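Participant: Encoded as structure tokens, here's the structure I'll be asking about.
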Amino acid sequence: QVQLVESGGGLVQPGGSLRLSCVASGNFYSIKAMAWHRQAPGKERELVAVITSDGTTNYADSVSGRFTISKNNARRMNTVYLQMGNLKPEDTAVYYCKADYFYDAFDRYLELWGQGTLVTVPS
């Protein structure tokens, strides 16, 4: 069984910074990619940033230049971070970690979502 454990959410003032972490554990072959999504009250879940196992990254336009996604440098990727800077009230949301992981050596993969961590930036 594979699990994702997120941490690092909280209350931060506008202009402040926060770092989220997500650790994947359990029985998986390897990670294909990990990502952060967010869902603000009354809105649909949206992609924030994604990083593949080879380090390729992609960001939503709304966070580009303010947020940085990174991964652990170990041979086996299992952790993703989201460094958030210059936070704005519109960044308030529940942030979800998502992992696409291979479960065998034949490129078959599944996706898994974390429970979410709340980030609040008051106006």
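Participant: Considering the Cα positions of the chain, please state its Rg to one decimal place and its Dmax as a whole number of Å.
Facilitator: Radius of gyration, then largest Cα-Cα span, for the chain: 14.3, 49 Å.
Participant: While we're here: What relative contact order, as a whole-number percentage, does region 1-108 give when Cα pairs under 8 Å and 6 or more residues apart are counted?
Facilitator: Reported as a whole number, the value is 36 percent.
Participant: Here's a follow-up. Quick one: net charge of L118's neighbours, Cβ under 11 Å, K/R +1, D/E -1?
Facilitator: 0
Participant: Roughly how compact is region 1-49, stated as its Cα Rg over 2.2 N^0.38 Å to two decimals?
Facilitator: So region 1-49 has a normalised radius of gyration of 1.42.
Each value in this text was obtained by applying a stated rule to the coordinates, not by laboratory testing. Nothing here was measured: the structure is a model prediction, and the numbers come from that model. Virtual Cβ from ideal backbone geometry, glycine too; neighbours counted across all protein chains shown.
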